[in-house]
Each structure stands twice: as structure tokens, then as C-alpha cells.
Amino acid sequence: MEYVVAIVAILFLVSRTQQKAATGPPAYASNIKFSDLKMSAAENFVGATVSYIDGTVTNAGNQTVTHVLAEVTFKDSMGQLAQRETVPLRVLQASGPYPDAVDLNVSPLAPGQGKPFRLTFEGISMQWNHEYPEIKVTGVTLK
């Protein structure tokens, strides 16, 4: 019995020391600024509603950004979590009569540069309070 307690205690201590500290946002994330946010929705070709968040993203840092992951949090009428999604940030690039949403690796964001962006959502929870969601950068790739 004493051996079992000792083994359990050792396993507990080993597993505790191997736990990684919770990782926060990447250090460069504070240099990614969002402004001029606008929300819209449209029906796609199969009749489903697609929602968009458009705005301007600015690189306030000193390195070129080639990819951004954004965590978007939609709240309900009580201020509680209704939906959370992590989506890649896409910048809008003029290529004809309509802008095309492309990944930052196709159109990188230089230091000090701002570009129009779009986040796309195939479906948003019916619990959503229809207020602007919180957008937080959770991943950044630099060049």
C-alpha cells in the first residue's frame, strides 16, 4: 500500500513539472491593429448566410507580416460566450470588379502599412447578441 501511494505521488509530481505554462498571444500580436470595422451578411449560392467582418489591419511593428490568425469571440445577450472561432486574416486585393480576399503570404503587410481585410464566417450562433465581436490575434508569422 505504501508503495502505491509513493508511486502515485511520484507520478503526480512528474506530471506537474512537465505541464507547460499557458501560452499567451505572440509577442508581435500587439503590433497588429484593427480599425474601421464593418459587419455584413450575404446569402451564398446554396442559400446559406455567410457573415463578414471587414475593416483595416495595420502593422504597427518593424517586421513584415505574412500570416495572421484571429480569434473572434461572439457574445450572447448576457455577455457570455456564444461562439468562438479562429480564422485566418485575409486582405482584400483588387483584381477586377470585386475585391478578392487573399492570405497575407500572397500580399504581405509591411511595417507601418495598412490594408483592408476580411474575416469570413459560414455560420454564427443564433445566441449571438449582434454586437461587434472581440477580435484577438492568436498567431503571427513574420518575414
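Data overview
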| read-out | value |
| --- | --- |
| Among the residues listed as GLY123, GLY47, GLY114, the single one being open to solvent by less than 50 Å² (accessible area, probe 1.4 Å), of a type outside the set (A, V, I, L, M) and at pLDDT 95 or above | GLY114 |
| Residues satisfying the stated conditions in the stretch 15-38, i.e. open to solvent by 60 Å² or more (accessible area, probe 1.4 Å) and either at pLDDT below 95 or outside any strand (DSSP E or B) (or both) | ARG16, THR17, GLN18, GLN19, LYS20, ALA21, ALA22, THR23, PRO25, ALA27, SER30 |
| Checklist (1) without any contact (Cβ under 8 Å) to a residue 12 or more places away in the chain; (2) in contact with a strand residue (DSSP E or B) (Cβ under 9 Å, 6 or more places away or on another chain); (3) among the aliphatic types (A, V, I, L, M) applied to VAL137, failing item | (1) |
| Any chance GLY79 is over 25 Å from ASN31 (Cβ atoms), free of Cβ contacts under 8 Å to residues at least 60 places away in the same chain, out of contact with any strand residue (DSSP E or B) (no Cβ under 6 Å at 6 or more places or on another chain) and open to solvent by less than 60 Å² (accessible area, probe 1.4 Å) | yes |
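The values are calculated or read from the model by the stated rules, or taken from the named source; none is laboratory data. Model, not experiment: these values are computed from the prediction. When we count neighbours, we look across all protein chains shown, and the Cβ atoms used for this are built from the backbone with ideal geometry, even at glycine. Surface areas here come from the heavy atoms of the whole protein model, side chains and all, with no ligands, DNA or RNA. Shrake-Rupley method; radii C 1.70, N 1.55, O 1.52, S 1.80 Å.
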